[in-house]
1. Against the condition open to solvent by less than 40 Å² (accessible area, probe 1.4 Å), over 22 Å from B:ARG61 (Cα atoms) and touching a Leu at 6+ places or on another chain (Cβ under 9 Å), how does B:ILE157 come out, does it pass?
2. Is it true that some residue in segment A:231-251 is surrounded by fewer than 23 Cβ atoms within 10 Å (Cβ to Cβ) and within 14 Å of chain B (Cβ to nearest Cβ)?
3. Is one or more of the residues making up segment A:286-296 closer than 23 Å to A:VAL151 by Cβ and either within 22 Å of the chain's Cα centre (by Cα) or not in a loop (DSSP other than H, G, I, E, B) (or both)?
4. Looking at A:PHE383, A:PHE425 in this structure, which one is open to solvent by 20 Å² or more (accessible area, probe 1.4 Å), touching a helix residue (DSSP H, G or I) at 6+ places or on another chain (Cβ under 7 Å) and either of a type in the set (Val, Ile, Thr) or modelled with pLDDT of 95 or more (or both)?
5. Determine, yes or no, whether A:PHE200 is open to solvent by 30 Å² or more (accessible area, probe 1.4 Å) and assigned to a loop (DSSP other than H, G, I, E, B).
6. What single numbered condition from (1) surrounded by 15 or more Cβ atoms within 10 Å (Cβ to Cβ); (2) within 14 Å of chain A (Cβ to nearest Cβ) fails to hold for B:ARG226?
7. For segment A:1-46, which positions are of a type in the set (D, E, K, R) and over 18 Å from A:THR358 (Cα atoms)?
8. Select from segment A:114-161 the residues that are assigned to a helix (DSSP H, G or I) and within 11 Å of chain B (Cβ to nearest Cβ) and list them in ascending order.
Amino acid sequence: MTGRTAIYNARLIDPASGRDERGGIIIEGSVILEAGAGVTRTSPADLKIDARGKALAPGLIDLRVKTGEPGAEHKETLQTASDAAAAGGVTTFVVMPDTDPVIDTVALVDFIKRRADGVAKVKVHPAGGLTLGLQGQRMSEIGLIHEAGAVFFSNGDRPVEDAGVLRRAMSYAASFDALVASRPDTPALSAGSVMNAGAFAARLGLRGAPPEAEWIALERDLMLAETTGVRLLADCISTARSLEALERARRAGVKAACSVASYSLFFNELDIGDYLTYCKVQPPFRSERDRQALIAGLRDGLINAVVSAHDPQPTEDKRLPIADAAYGAVGLETLLPCLLSIAVREDIPLAQALKPVTSGPADLLGLPQGRLAKGAPADLILFDPAAPWACDRDDLSSRSKNSPFDGRRLEGRVLRTWVDGVSVFERGQERD
Amino acid sequence: MADYAFSHRHLLGIEGLNRLDIETLLALGDRYVELNRQRIKHADTLAGRTLVNLFFENSTRTQGSFEIAGRRLGADVVTMPIATSSVKKGETLIDTAMTLNAMRPDLLVIRHGSSGAVKLLSRKVDCAVINAGDGTHEHPTQALLDALTIRRRIGDIGGLRIAICGDILHSRVARSNVACLNILGAEVRLIAPRTLIPPGAEAWGAEVFTDMRRGLAGCDVVMMLRLQQERMDGAYLPSAREFFHYWGLDADKLAHAKPDALVLHPGPMNRGVAIESSIADHKTRSLITEQVEMGVAIRMAVLETLAKTAPDPSAAAAQARAPGAGRAGAGASAPAGARPQARTP
């Protein structure tokens, strides 16, 4: 039997129950034995850790991470992504199927799981490709891939344009009660875009992605989810109107959840500033009005998951004229700081702000972690919620450094991360 | 029962038939099974009558079954070679019907790839029309032969729990069977992935399942459907192996049905995709070859019944002069004229 660890003198934050109180946690083996005010310095344990009043919360669950493995290991491997995750307080992440080859077979799902078991410090779950090769034409072996351990199905960043294909794939997935994630986008409107369409894009002379590219696809997806009965995750919505459409659909009984990229809560279209290619992402940074609506959605609990949308791109793919640069931003190490900064600045209770990175995604995937409950896996993070720091891309653990947060001041970062009761990251004293 | 007057001029579907209609056909079918097992399998019920087979879709077993049924009843059977006919030369369906009608057949057996096409043809001809399958609409003789097969093995169909599994969406067999089994009082279940369940199937009078093991629980009979190869190319199903894994009938899944549950398949079978060979060939539980045998018998019953119901042109002319002509209760169908000598075995 493994030993007992007590972490005491902590500020316990459990988004699942809304609890925010002083107390501690006893870990036995890989699970939480006790969590609450009753855990103190005197609680019996083999190892005792004084949290010194810092916040102790469930480790983050990130539903959208791309690595370069297999196929583009120069961008990121499962190992380097997991290092970045541990340093960011992310204890579980889902890898998107847009790899080379695409994760659209049982064999690839097995590969990711075995590979992650060997090299990753954190828990890694694959998402399965909804269609073969993400070509949007023929559905993959959704049943077998689901059974092999894919936690949801997605066409990644290539929306299924053919509504007939999407409808049948959703309908088929509903046979297994599988979750289908779809990032709403209409390529006919957004192809070749660099940023949000509007006056600022026009002034910069850049091609913009209009918000209706998102609205049209989202309305379509919601309608198909309604008629097929599938569980839908509207992946990375970015506008006020998308949240409204989702609420309307949910009130009508559609099984629809949504995720928002953390950067959509932090940046608006003006942040692209002087043609910053690290700010070229999909969906793009939207208007300030949209950003405010997403923050209100976070406050009101309308957002099921906030994701890092981690998409590593090496310098050679970013240091280009912005129209030619790759889309994507790394985000595993800034997911928590981004949310903590918004919580501080917008005065959102921490337990509420962290819900979409803990119990929210856990409930969507049916995972036992993401909560401070007796018997739950001891995936935990200790963090200082208000410590100010400046993000420097060269300090990131990720193999690629393309972070729009580079040079930004943020509040709060992880001090220590545990996965299944094992400490996998501890920030050096010099940066504490 | 023998005196019950079948009042329909055509057999276009199970829809529109009542329980007595179906039981009349099944009873007659039963008697033809016995005839067919004799050394001399010949009746002359349809002597002098002409049966035309018109198959716009390829078929081996149904077409052969109707041919044999017609010949055993003594009819003159003509199978029109559609592949080389004027249809290929651009003749419209209606013109083909008018041409055939002018040849004065008594019975016309039609299979067509479009739902509703057989009904359309039936409006343009004077003879009795039998639907041998129209698109994804109905295949009534298949449902009748399945009912006959089950009835002969188990007895009363009322109260049996019967599962129909596979490509319900594209299946005319499923539609006819749900209707027929419902009329006969069975509890019908449909089992398929959601992509192969037609919208609104819940309202057919059948319970819908996507999990085959749950759907098969407590079933007395399992009817498998044919799955066409082109359905497994990723549009409706990802692959043949995934379909077999979840919806193919193997010993493991069949174990969830009643211990002595029977298995039917309308053919042609796709072994290893829809059904495991050891089940298809099972000596006591598989009724697949019996279905073929019942097919001939039930088609003889249908041909005879419709031939009897058909108006006799000469008698109709005579009756037109007589008072009180016509028969009450004949519904929308034409009144049955003077009956030809009803000679059943």
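1. In short, yes.
2. Scanning segment A:231-251 turns up at least one residue that is surrounded by fewer than 23 Cβ atoms within 10 Å (Cβ to Cβ) and within 14 Å of chain B (Cβ to nearest Cβ).
3. no
4. On the way: A:PHE383 fails: open to solvent by 20 Å² or more (accessible area, probe 1.4 Å).
The match here is A:PHE425.
5. Numbers: open to solvent by 30 Å² or more (accessible area, probe 1.4 Å): yes; assigned to a loop (DSSP other than H, G, I, E, B): no.
Answer is no for this residue.
6. Evaluating B:ARG226 over (1) surrounded by 15 or more Cβ atoms within 10 Å (Cβ to Cβ); (2) within 14 Å of chain A (Cβ to nearest Cβ) leaves (2) as the failure.
7. Scanning segment A:1-46 gives A:ARG4, A:ARG22, A:GLU28, A:GLU34, A:ARG41, A:ASP46.
8. Across segment A:114-161, the qualifying residues are A:LEU132, A:GLY133, A:ILE142, A:GLY143, A:LEU144, A:ILE145, A:HIS146, A:GLU147.
The values are calculated or read from the model by the stated rules, or taken from the named source; none is laboratory data. The model shown is predicted, which means the values in this text are computed figures rather than measured ones. Positions of Cβ are backbone-derived with ideal geometry, glycine not excepted, and every protein chain shown enters the neighbour counts. Just the protein is used for accessible areas: all its heavy atoms, side chains included, with ligands, DNA and RNA removed. Shrake-Rupley method; radii C 1.70, N 1.55, O 1.52, S 1.80 Å.
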